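Data block below; observations after.
Bear in mind these aren't lab numbers, they're just calculated from the coordinates by the rules spelled out. What you see is a predicted model, and the numbers here were worked out from it, not measured in a lab. Cβ coordinates were reconstructed from backbone atoms using ideal geometry, including for glycine residues, and neighbour counts include every protein chain displayed.
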Amino acid sequence: MGTKVLIIDDSNTMRKIVQRSLRQAGFEFEKILEAGDGQEALDLLGSESVDLILSDINMPNMDGLEFLRQKSQNDDIKDIPVVMITTEAGTDIIGEAKSLGARGSIKKPFTPDQVNDVLGELL
Amino acid sequence: MDLKSKLIASTQEIFSTMLMLEATPAEQNPQAAFTSNISGMLGVSGDLTGMLAVHCPQAVATGITGAFLGIEVASIDEDVKDAIGELVNMITGGVKDAFGREGLNVKLAVPTTIAGRSFRIDCQGAAGREIVAFTVPEGTFLVEMKYKPLN
């Protein structure tokens, strides 16, 4: 069975860029799911199983940090690895994301090689 | 606070990393008229209060969007609005990082995009202004930051 990934970003453009970067980095997924914010992602994870989540932090409605908080309280999804893809490179915000369970971070703008470096350790 | 160099460095990093295009800083009279068909804006708060904006003519905005998505884009549509919003988000993120290295904590809002033939953007209480023009193959665009000067 192949690997499934969920990309969470309020920007449709960024979701497409992430998908293209994943392909350019050599990753192949059985299925790529998309969500526009944390709440949409939680709703989706109620019916879909994924192996990896790539999430923005700064989003309207439910941001990436709140998504991590709520995910950590749900036994069905709390162990799915999450990598943050964000303009928020500050150690305080990334530190908070990691304390909430994020397994890594990729700073926008990014290259396929940087995606490979971070995801290669998880997949 | 060398804001101009931060705007240039952040913008050029995005173009070279994600768009595979060169954005070359150009001379721009801040008082000169500039026709923008779409502007992306993002507010900042914290140790620096203000707004960063990117102003693009249609040809530049569609060119940037096409380079982001790897497709041909003919006119300003939802993809273009979204792409310019993401561009301003990343430029502001780079500027925030640069301020962070100087010990300033800047918080980002969520980007907004306006498209049309005639609009004016004001930033309340902002007395400081830095504006940098960049040339790309499709033309010139502006990166502007209006801010309340630091105490």
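Here are a few things to note about the model shown:
- Subset of region A:13-42 that is free of Cβ contacts under 8 Å to residues at least 24 places away in the same chain and in contact with a strand residue (DSSP E or B) (Cβ under 8 Å, 6 or more places away or on another chain) - its residue that is surrounded by the fewest Cβ atoms within 10 Å (Cβ to Cβ): A:Q19
- Hits in region B:49-61 - residues which are of a type outside the set (A, V, I, L, M) and either assigned to a helix (DSSP H, G or I) or within 12 Å of another protein chain (Cβ to nearest Cβ) (or both): B:Q58
- Some residue of region B:79-89 being touching a Leu at 6+ places or on another chain (Cβ under 8 Å), more than 14 Å from chain A (Cβ to nearest Cβ) and either closer than 16 Å to B:V132 by Cβ or buried (at least 18 other Cβ atoms within 10 Å of the Cβ) (or both): no
- Qualifying residue in region B:90-108 (condition: part of a loop (DSSP other than H, G, I, E, B) and in contact with a Gly (Cβ under 9 Å, 6 or more places away or on another chain)): yes
- Every listed requirement among (1) at negative phi; (2) away from chain B (no Cβ under 14 Å) is met by A:D56 save one, (2).
- For region B:62-78, filtered to residues that are in a helix (DSSP H, G or I) and free of Cβ contacts under 8 Å to residues at least 40 places away in the same chain, the residue that is nearest to the other protein chains (Cβ to nearest Cβ) is B:L69.
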